[in-house]
Amino acid sequence: IPLPISAFFFPRTLQRRRYYFIMSLPYTESCPSIKNILILDSEGKRMAIKYYSDDWPTNSAKEAFEKAVFTNTQKTNARIEEIAMFESNIVVYKFAQDLHFFVTGGEDENELILATVLQGFFDAVGILLRGNVDQKEALENLDLILLCLDEIVDGGIVLETDANVIAGKVASGSMDAGASLSEQTFTQAFASAKELTRSLLK
């Protein structure tokens, strides 16, 4: 008789810490493979997802995995990183208001490195959303979040985990050549003000 999904799901809290040891690990350990990175909303629906593994070959398989992971973690209060074994994978996750962040690696991956990837992604999103990490802001800035994923992982290989570096690259890539982040913010604010004025004059 097949065991229920919950039989393979063992969450536990992963204490926040700095992981300076990563660069000193042997090559095979210092190049971990990420299987997917997910952001789901408070109902388990997709916000931003990226798969780097063929473990889930169809969209239906991906959706089933997302539903199962969400169902088995939604009752936890993951305000700091937590970790679980799920379907022979390590899943590290963290919640912020109505957003659920997940990073998945194989069962032999170093869970601390997976947690570092999660924290780097989470913090970079927070920087780009100016601290308003919720569903509304995420939808309005979905392009920036997807660019974050591209800066963090390529083909499953971790490229960067420093949130400031990730956010800086995303911000510079999304701006006009030569424009600073403050200039872009001012330009956006000015455009919004103009649009509001036009609507009031109609």
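The values are calculated or read from the model by the stated rules, or taken from the named source; none is laboratory data. Owing to the predicted nature of the structure, the values given are computational and were not obtained by experimental measurement. Neighbour counts are summed over all protein chains in view; Cβ atoms, including those assigned to glycine, are modelled from backbone coordinates with ideal geometry. Surface areas here come from the heavy atoms of the whole protein model, side chains and all, with no ligands, DNA or RNA. Shrake-Rupley method; radii C 1.70, N 1.55, O 1.52, S 1.80 Å.
Please list MET85, MET47 in order of solvent-accessible area, largest first, computed with a 1.4 Å probe with all protein chains present. Walk me through the numbers before you get to the answer.
Working: MET85 55, MET47 25 Å².
Largest to smallest exposure gives the sequence MET85, MET47.
Could you pull out the trypsin sites (Lys or Arg not before Pro) across region 72-101 that fall in loop regions by DSSP (anything but H, G, I, E, B) with no more than 14 other Cβ atoms inside 10 Å? The partial results should precede the final answer.
Values: sites: LYS75, ARG79, LYS94; in loops: LYS75, ARG79.
Answer in residue order: LYS75, ARG79.
May I ask you to compute the full-extension gain from LYS136 to SER172, defined as 0.36 nm times their residue separation minus their alpha-carbon distance, rounded to one decimal in nm?
Numbers: separation 36, 0.36 × 36 = 12.96 nm, distance 2.29 nm.
Separation in residues times 0.36 nm, less the Cα-Cα distance, equals 10.7 nm.
Is region 27-155 best put as rounded, prolate or oblate by its Cα gyration tensor, with a ≥ b ≥ c the root eigenvalues, rounded for a/c under 1.5, and otherwise prolate when a/b is larger than b/c, oblate when not? Write out the running numbers ahead of the final one.
Numbers: a/c = 1.42, a/b = 1.23, b/c = 1.15.
Rounded is the answer for region 27-155, as its axis ratio a/c remains below 1.5.
Would you please name the GluC sites (Glu not before Pro) within region 93-141 that are DSSP coil residues with at most 14 other C-beta atoms within 10 Å of their C-beta?
Sparse-neighbourhood loop GluC sites (Glu not before Pro): GLU107.
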